[in-house]
1. At 7 Å along Cα-to-Cβ for each site, give me the label-to-label distance between Cys50 and Ser307 in nm.
2. Running Debye on segment 145-239 with equal point scatterers at the Cα sites and no solvent, what base-10 log of I(q)/I(0) appears at q = 0.14, 0.16, 0.22, 0.23 Å⁻¹?
3. Identify all aspartates and glutamates with a Cα-Cα distance to Lys121 below 18 Å; exclude those on the same chain that are fewer than 8 residues away in sequence.
4. Contour minus end-to-end for Phe189 and Val23, with contour as 0.36 nm per residue of separation and end-to-end as the Cα-Cα distance?
5. Using 0.36 nm per residue of separation minus the Cα-Cα distance, give me the extension gain between Asn289 and Thr10 in nm, one decimal.
6. Name the long-range amide H neighbours of Ser9: under 5 Å, sequence gap of 5 or more, or other chain; modelled H, no Pro or chain starts.
7. If a helix is a whole DSSP H run, which ones in the chain reach 20 Å or further along their own axis (Cα) and hold a mean Kyte-Doolittle hydropathy of at least 1.0?
8. What aspartates and glutamates could a cross-link reach from Lys64, if we take a straight Cα to Cα line under 16 Å and drop same-chain neighbours fewer than 8 places away?
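The values are calculated or read from the model by the stated rules, or taken from the named source; none is laboratory data. Just so you know, these numbers come straight off a predicted model, no measurement behind them. Glycine gets a Cβ as well: all are built from the backbone with ideal geometry, and neighbour counts include every protein chain shown. Accessible surface is based on the protein model in full, side chains and every heavy atom, while ligands, DNA and RNA are left aside. Shrake-Rupley method; radii C 1.70, N 1.55, O 1.52, S 1.80 Å.
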Amino acid sequence: MITSVFKKSTPLNYSLVVILILVFFFIFQIKDPSWVSSYFLAFQKISLLCFILASFFLINFIVKKNGLSKDNGYTIFFYLLFILFFPTIFNNSNVIYANFFVLLALRRLISLQSLKASKEKIFDASFWILIASLFQFWSILFLILVFISIVFHASRDYRNWILPFIALLAVSIIFLLISLIFHIDIIEFFQQRAVVDFNIDYFKNNYENGALSIYVAVALFFITSILTTLSNRPQIVHSSYKKIVACFFIAALVYIVSPDKSNDLLLFSIGPLTIMASSHVEYMQQKLNNEIVFYVLILCSLFTFFSQL
């Protein structure tokens, strides 16, 4: 039934997912309704919701524009299910903003396969990643994906290797101007953020631990699926899927090294995992198997969401 509903991309699919996002977002927010009485906090919540919705449509645009998905609604539905694993994401503004900019970068890097305007795409991707790092410092590691993309598509032109550093200069100048206007101590700003911490002992309860364990198991399933079936997929999308897998592992690295560790940081991995999950469902033609995948994920996401309220 689920596969039938989302098999075609229709306004009904988008409307259903948007409504579900709104429902789950406000279910989580009513835990602490104090923000309702503050205009500033209310504006912040609305801005977070806007960025979350924008991320949904951006990830959908990436897969459609680059031929990674057919005309269906699987991508946005999977993205919703994976976010429900970690509902505290709805309150983490820095991670939400940073993830949005990383998705903008991913969009440019995936489109590099067309070999059109390569320099602009490399610069843009580097620029957005560096902007993301101002919100969540270790998202700067996604610059690794920029260099991987250069190796795949544009390694012969030495100027392409310099572009990320030009983007770094541009972002540095912008941040310097902002710091002067708002009296931000640049040294203190980076001292607090550029810290490495490999300890994973932040869990507040067993439900957070359980959500992480289930998410890791689901991720391993879809990663194994994409890697074992890659050789049977069209050659034109091979480099794109390799970049998506690399993006997932870089996101895992961001989670591992970040000092302010929490399940929220796994938001960076949800984008690439969503693309792999959608690809798995499209590739596996057995309707029964796809239904099982959907229902298992729905049950897991609902359980982890409500258990963490």
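1. 3.6
2. Listed by q, the Debye log ratios stand at -1.00, -1.02, -1.05, -1.09.
3. The qualifying aspartates and glutamates are Asp157.
4. Details: separation 166, 0.36 × 166 = 59.76 nm, distance 3.57 nm.
Between Phe189 and Val23, full extension yields 56.2 nm more.
5. Values: separation 279, 0.36 × 279 = 100.44 nm, distance 2.32 nm.
Here the answer is 98.1 nm.
6. Under 5 Å from the amide H of Ser9: Asn72, Gly73.
7. Numbers: long enough: 11-29 (27 Å, 2.20); 39-65 (38 Å, 1.57); 93-110 (26 Å, 1.32); 118-135 (26 Å, 0.83); 158-182 (37 Å, 2.10); 206-229 (35 Å, 1.13); 238-257 (29 Å, 1.41); 267-283 (24 Å, 0.84); 287-307 (30 Å, 1.35).
Length and hydropathy pass: 11-29, 39-65, 93-110, 158-182, 206-229, 238-257, 287-307.
8. The reachable aspartates and glutamates, counting only those whose Cα sits under 16 Å from Lys64, are Glu282.
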